[in-house]
Amino acid sequence: MNATRVRHLEHALNLFDQTRKTEAPYLPLDLYLRRYFQAHKFLNSKDRAWIADKTYEMYRWRGLIDHLTHKPHNWVNRMRTFFTSDRWRSQTQNPKLPHHVRCSFPEDLFVRLERSMGTRGACDLCDVLNEPAMTCLRVNVSRISRDKVHAFLTSRSVPVEKTVASKVGLIMASKQKLLDLPEYKLGYFEIQDESSHLIAQQVDAKPGDLVMDYCAGSGGKALCFAPPMLNRGQVYLHDNRDLKLFEARKRMRKADIKNYTIIPPSHPLLPKLRSKMDWILVDAPCSQTGALRRNPDMKWTYSDDRLWRWVAQQREIFEVAMKYLKDDGKIVYATCSVLEEENAQQVRFFCEKFGLYLSQPPLHALPQSKGMDGFFCATMEARNSADGGDCAGGEGRSEMQEIGLSRIIPANWR
């Protein structure tokens, strides 16, 4: 075993724990590793790949490894259990162990999942979330077709397949061969999960519409719904993180999208936009339980108290975003969570408080094995903007829309 790699693995794990104690909000594992490798440029690509792979795997299975490791539970002892033998992996099938230990999930989170979908369903979900994440691409179809990108990557011996639910997506096991391709640098395609494509497609913006991405982040979903607007109308990107908005500006320019405006919370234009938006997307901050494959460290920060703080924050954000919606406009609420408390229960609350109804059946998919992340998405509009309607949306609207995925949220969501 390469001693340099093992030493850096231990150092990276310990340093990440330290950042969790000193930085707020938490730095995600993927971003932390990117910064770690930038600070240790002498590590070659194979070293970085090995360290990243083992870091993710140890965080996925930390709960099970801790159960089999003598105290104190530090990274040195965990690494000893992890590398000495692969016998610890067989414990995932040990019926004598509690389910949450076998699945390597926090007990509080597993119990909440178990209440929603039963023990077997919760175990199946945890198994999927313990898989390595796939890499999904979104093709910039305003500049090139998906078929051409698929043919190009295949000719470069990059194993890639077309996504089933998204018409602009491609999926592959690794992104290591992509970042140096000229087509990537030219903006013909970007790395973005298929679930994000499906959420963005719910914003059916037409040329001339006014659209606000209220929690825009780095603008990933705006890059999906902006091209059909043909650079007519306006897309407003709002977020309270300046660095994310700076990245969004770069991505919009790279994609040759011109009809956008960056509006941080202090922007003087914000008050003038009230009651003007045809569409608003609220991709709310959440527990990220549908995307734990990408940052498995997040499951070890879960607590019920944190969940209720997410729920309160989502309601605050949605209430502020509603001020910008015009009378006949539509608002899309989305999360990458699989928990009812952040999804179906929130939609019921929004409908009742703001007099909304569902424009169409909500989408809710669990994480797919070797596929997309889990997500929830609901489109709502004011009751006075259509005939009838209630929180369930009338006949047929109380059911979750099926999109060819393995499991949709139970019909008793309302």
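The values are calculated or read from the model by the stated rules, or taken from the named source; none is laboratory data. Keep in mind it's a predicted model, so treat the numbers as computed, not measured. As a convention, Cβ positions derive from the backbone with ideal geometry for all residues, glycine included, and neighbour counts pool all protein chains shown. We work out accessible area using only protein heavy atoms, side chains counted, and drop any ligands, DNA or RNA first. Shrake-Rupley method; radii C 1.70, N 1.55, O 1.52, S 1.80 Å.
The fraction of accessible area contributed by carbon and sulfur in the stretch 14-56 is 52 percent, rounded to a whole number (1.4 Å probe; ligands and nucleic acids excluded). Counting only DSSP H runs of at least 4 residues, each contributing -39500 (n - 2.57), and dividing by the residue count of the chain, the helix-based mean residue ellipticity at 222 nm comes to -12000 deg cm²/dmol. 3J(HN,Hα) couplings calculated from phi for the stretch 306-316 with the Karplus curve 6.51 cos²θ - 1.76 cosθ + 1.60 (θ = phi - 60°) are, in sequence order, 5, 4, 5, 5, 4, 4, 5, 5, 4, 5, 5 Hz; Gly and Pro show x. Of the chymotrypsin sites (Phe, Trp or Tyr not before Pro) found in the stretch 1-78, the ones in coil according to DSSP and having at most 10 other Cβ atoms within 10 Å of their Cβ are Phe42. Note on His238: accessible area approximately 10 square angstrom, rounded to 10, probe 1.4 Å, nucleic acids and ligands left out. Computed from the Cα positions only, the extents of the stretch 170-290 along the three principal axes stand at 46, 34, 26 Å, in decreasing order. In a DSSP loop and with at most 16 other Cβ atoms within 10 Å, the trypsin sites (Lys or Arg not before Pro) in the stretch 16-92 are Lys41. Placing +1 on the Cβ of every Lys and Arg and -1 on the Cβ of every Asp and Glu, with nothing else charged, gives the stretch 23-170 a dipole about its Cα centre of roughly 400 debye. Relative contact order for the stretch 74-181: 18 percent, from Cα pairs under 8 Å spaced at least 6 residues apart, divided by residue count.
A 1.4 Å probe run over the protein chains yields, for the stretch 46-203, 50 Å² of accessible area per residue, whole-number rounding. Across the chain, the longest run free of exposed loop sites, meaning GluC sites (Glu not before Pro) lying outside DSSP classes H, G, I, E and B with no more than 16 other Cβ atoms within 10 Å, spans 24-394. Where Lys and Arg each count +1 and Asp and Glu each count -1, what net charge lies around Cys224 among other residues with Cβ under 12 Å from its Cβ? Net charge around Cys224: -2.
Mean separation of Cα pairs under 8 Å and 6 or more residues apart, divided by the residue count, gives the chain a relative contact order of 12 percent. Neighbours of Leu9 by Cβ distance under 12 Å: Lys/Arg scored +1, Asp/Glu scored -1, total +1. For the stretch 298-305, putting each phi into the Karplus relation 6.51 cos²θ - 1.76 cosθ + 1.60 with θ = phi - 60° gives couplings of 5, 5, 7, 9, 5, 8, 4, 4 Hz, in residue order, rounded to whole numbers and with x for Gly and Pro. Less than 5 angstrom separates the built amide H of Ala365 from those of Phe375, all sequence-distant by 5 or more or on a different chain. Given (1) 65, 48, 41; (2) 88, 41, 39; (3) 82, 54, 44, which label gives Cα extents along the principal axes in Å as computed from the coordinates? Of the listed options (1) 65, 48, 41; (2) 88, 41, 39; (3) 82, 54, 44, (1) comes from this structure. Among the lysines of the stretch 29-104, pairs that are 8 or more positions apart or on different chains and have alpha carbons within less than 25 Å of each other number 4. Computed on the stretch 144-210, with alpha-carbon pairs under 8 angstrom and 6+ residues apart, the relative contact order is 24 percent. Using a cut-off of 31 Å between Cα atoms, the listed pairs Lys221/Lys353; Lys21/Lys185; Lys175/Lys254 include Lys21/Lys185 as exceeding that distance. Which residues does a label at His11 reach in the stretch 39-73, if reach means a backbone N under 11 Å from a point 7 Å past the Cα toward the Cβ? The answer is 39-43.
With each label modelled as a point 7 angstrom along the Cα→C-beta vector, the Lys71-Ala312 pair spans 3.3 nm. Ranking Pro227, Leu181, Leu210 by how far each Cα lies toward the positive end of the dipole of the stretch 150-251 (charges on Cβ) leaves Leu181 at the top.
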